[in-house]
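Novice: Got a structure for you, written out below as structure tokens; questions coming shortly.
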Amino acid sequence: MENGKQYLTLDEVGEILNLKYESVRRLVLSGQLPAYNVGEGKQRARWRIARADLERWLEGRRHEPVRVTRPARRTKDPEAGQALALIDELMGRRRAG
């Protein structure tokens, strides 16, 4: 994230994350996104989100790709097993087990 203000408004966080104000507000009110209420009590909440908290929150939501391998083809049907073995042989592969 670019350098700048230490504390961000909900609008600024929404702009950074490409989310609407209400979506960011819901994340704050649900406790998912840490924030500070710097307003006058509960009636006039003015939320601020520390840039460091936003960066930690984003890091915790990082998706790491998972390598998926195809399981070996197995069947209990002897005729289907023979057919799979023939296909594998024709394609130059050896059938396991």
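The values are calculated or read from the model by the stated rules, or taken from the named source; none is laboratory data. Here the structure is a predicted model, which means the values were calculated and not measured. Cβ atoms come from the backbone with ideal geometry, glycine included; neighbour counts cover every protein chain shown. Side chains are part of the model used for accessible areas, which takes the heavy atoms of the whole protein and leaves out ligands, DNA and RNA. Shrake-Rupley method; radii C 1.70, N 1.55, O 1.52, S 1.80 Å.
Novice: Sketch the reach of a paramagnetic label on Ala50 as a point 7 Å from Cα along Cα-to-Cβ, and name the residues of region 1-33 whose backbone nitrogen lies under 12 Å away.
Specialist: It comes to 6-8, nothing else.
Novice: Using only protein heavy atoms and a 1.4 Å probe, report how much of Tyr36 is accessible, in Å² to the nearest 10.
Specialist: Here the accessible area works out near 110 Å².
Novice: If DNA, RNA and ligands are ignored and the probe is 1.4 Å, what is the ranking of Leu58, Leu29, Leu84 by accessible area, most exposed first?
Specialist: Leu29, Leu58, Leu84
Novice: On to the next question. Round to the nearest 0.05 the FRET efficiency obtained for Leu17 and Ala80 when R0 = 41 Å and r is the Cβ-Cβ distance.
Specialist: Values: r = 51 Å, r/R0 = 1.23.
So, using R0 = 41 Å, E works out to roughly 0.20.
Novice: Let me ask you something else. Go through Leu54, Leu90 and list them by solvent-accessible area, largest first, probe radius 1.4 Å.
Specialist: The ranking, largest first, comes out as Leu90, Leu54.
Novice: Mind listing the long-range amide H neighbours of Ala50? Cut-off is under 5 Å, sequence gap 5 or more, other chains count too, H placed in the peptide plane at 1.01 Å from N.
Specialist: Correct list: Leu8, Tyr36.
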